[in-house]
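Take a look at the structure set out below.
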Amino acid sequence: MYQDYFGLTEAPFSITPDTSYFYAHGHYSEALNTLLVALRAGEGFIKVTGEVGTGKTLLCRKLLNTVEDRFVTAYIPNPMLTPYGLQSAVADELGLDMSRHYGHHQLLKLISNRLLELTAEGKNIVLCIDEAQTMPVETMEALRLLTNLETEKQKLLQVILFGQPELDDHLNEKNVRQLKQRITFSYVLKPIDQEEMKLYLTHRLGVAGYKGGNLFEEKAMSSLYKASRGIPRLINILSHKSLMSAYGQGTKHVNKDNMRAAIKDTEDAQLSHANHATPAWVIATASLFAVSLVTFFLLR
C-alpha cells in the first residue's frame, strides 16, 4: 500500500517471523550466541522464555537457519500433544515412516534407532519446541524420557524449549522436577529499550530497502516506545499503522499525530488506555466525597 510512496521494496513491519529481519544486536544476538554455544557443547536441555511478542519464534527460526550442517534439526510449533502425539511428531520430523500404527514401545524403539544412525554419521540432533508452555505435564515427562536415550559418550537428543513465562510455572510442578533439573542453559528475552528501538526501526527499514533519512519523528518514536513497552510485535504493528496514517495524510514522515492514531487503533497499546484514564483530580474529589458521606452517616 505505502511501499512505493516511502521508497520501500516491501512492507518492513510485518509480524510474520521472517529471519531476514532478525535483529542481530543487543540481547537478541546474545540469546542466539548462547544457544549456539550450548548446542555445540552438547547440552541436553536449553530453555528460552519471554513475554508474548518478544521474538521467541523468530529467534527459534533464525537458530534453525544458522546451525552447521552437522546438526539435524526437528521443529514442533504446537506441542499441545499427548505423549504419543509428541513421539509421533518427533518421529515424523526425523523422517520415519508413520504410515503404520505403532505402539508406544515400538515407536520409541524406532526413534532410538534413528537417533543412533544419525549419531553414527557424526550428526547432532536438536529438537526445538515452540510455545512450550502449552505442553501438558504428562507430555513433558514423555519428553524427558526421550532425552534419556544416550550412548556412553553423549546424549542422542538435545532439546530447546521456547515459551512464555508460564513455562516456568509448569516446570515448578512436582511431576516434572526431573526435567527442570536437566535444564543447563536458560535465557530470558526481555523487551528492548528506547535506544535499541530506534536501531531496530532503522534495521527493519533498511532491510525493506529504505534509503532516506529519519522516517519517524522523535516525538512519534517517544510515543511508540511508551505504547509498545519495547515489545517488538507491538512496535511492528504500531509502526505499520502509523505509516499507513502518514501515507493517507500525504506526509513523508511519521509524526506524533500519525502515531497516536495508530495507538488509538491498537487494543494492547498502553497509551490508548492512558488517554482514557480518569484524571487524578476527579479521583481525589470522589474519594473526599465518599469519606465525607461515610462520616456524615456515622455521626448521625
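Regarding the stretch 36-55, can at least one residue be identified that is buried (at least 17 other Cβ atoms within 10 Å of the Cβ), hydrophobic (A, V, I, L, M, F, W, C) and in a helix (DSSP H, G or I)?
yes
Residue by residue through the stretch 190-210, note down the ones that are of a type outside the set (A, V, I, L, M) and either touching a residue at least 12 places away in the same chain (Cβ under 8 Å) or under 19 Å from G50 (Cβ atoms) (or both).
K190, P191, D193, Q194, E196, K198, Y200, H203, R204, G209, Y210
For the stretch 122-136, which residues satisfy the criterion of being touching a Leu at 6+ places or on another chain (Cβ under 6 Å) and either in a helix (DSSP H, G or I) or without any contact (Cβ under 8 Å) to a residue 24 or more places away in the chain (or both)?
A132, Q133
Matching residues to (1) among the small types (G, A, S); (2) over 25 Å from T57 (Cα atoms):
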residue	(1), (2)
A220	yes, yes
L234	no, no
G248	yes, yes
V254	no, yes
N258	no, yes
A261	yes, yes
K264	no, yes
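What's the number of the only condition in (1) touching a strand residue (DSSP E or B) at 6+ places or on another chain (Cβ under 8 Å); (2) more than 30 Å from Q194 (Cβ to Cβ); (3) crowded, with 17+ Cβ neighbours inside 10 Å that L59 fails to meet?
(2)
What is the residue count in the stretch 139-189 for residues that are hydrophobic (A, V, I, L, M, F, W, C) and more than 16 Å from V48 (Cα to Cα)?
Result for the stretch 139-189: 8.
Give just the number: which of (1) surrounded by 12 or more Cβ atoms within 10 Å (Cβ to Cβ); (2) at pLDDT 95 or above; (3) within 28 Å of V52 (Cα to Cα) does L271 not satisfy?
Looking at each condition in turn, L271 falls short on (2).
Name the residue, out of T119, T139, that is hydroxyl-bearing (S, T, Y), in contact (Cβ under 8 Å) with a residue 60 or more places away in the chain and part of a helix (DSSP H, G or I).
On inspection, the qualifying residue turns out to be T139.
Test of understanding: among L107, L86, which residue is over 30 Å from G50 (Cα atoms), surrounded by 13 or more Cβ atoms within 10 Å (Cβ to Cβ) and of a type outside the set (S, T, Y)?
Being over 30 Å from G50 (Cα atoms), surrounded by 13 or more Cβ atoms within 10 Å (Cβ to Cβ) and of a type outside the set (S, T, Y) holds for just one of L107, L86, which is L107.
Could you tell me which of the residues K198, K241, K211, K226 is surrounded by fewer than 17 Cβ atoms within 10 Å (Cβ to Cβ) and either farther than 30 Å from Q133 by Cα or at pLDDT below 95 (or both)?
Testing whether each residue is surrounded by fewer than 17 Cβ atoms within 10 Å (Cβ to Cβ) and either farther than 30 Å from Q133 by Cα or at pLDDT below 95 (or both) leaves just K211.
Is the stretch 66-74 home to any residue that is modelled with pLDDT of 95 or more, more than 14 Å from the chain's Cα centre (by Cα) and under 19 Å from G163 (Cβ atoms)?
Taking every residue of the stretch 66-74 in turn, at least one turns out to be modelled with pLDDT of 95 or more, more than 14 Å from the chain's Cα centre (by Cα) and under 19 Å from G163 (Cβ atoms).
Condition (residue is surrounded by fewer than 15 Cβ atoms within 10 Å (Cβ to Cβ) and at pLDDT below 95) applied to the stretch 20-27: is it met by at least one residue?
yes
Would you mention how many residues in the stretch 157-173 are outside any strand (DSSP E or B) and either at pLDDT below 90 or of a type outside the set (A, V, I, L, M) (or both)?
So the answer is 8.
Please go through the stretch 166-195 and pick out each residue that is within 13 Å of G26 (Cα to Cα) and crowded, with 17+ Cβ neighbours inside 10 Å.
Scanning the stretch 166-195 gives L189, P191, I192.
The values are calculated or read from the model by the stated rules, or taken from the named source; none is laboratory data. Just so it is clear, the structure is predicted and the values come from calculations on it, not from any experiment. Glycine also receives a Cβ, built like all others from the backbone with ideal geometry; neighbour counts cover every protein chain displayed.
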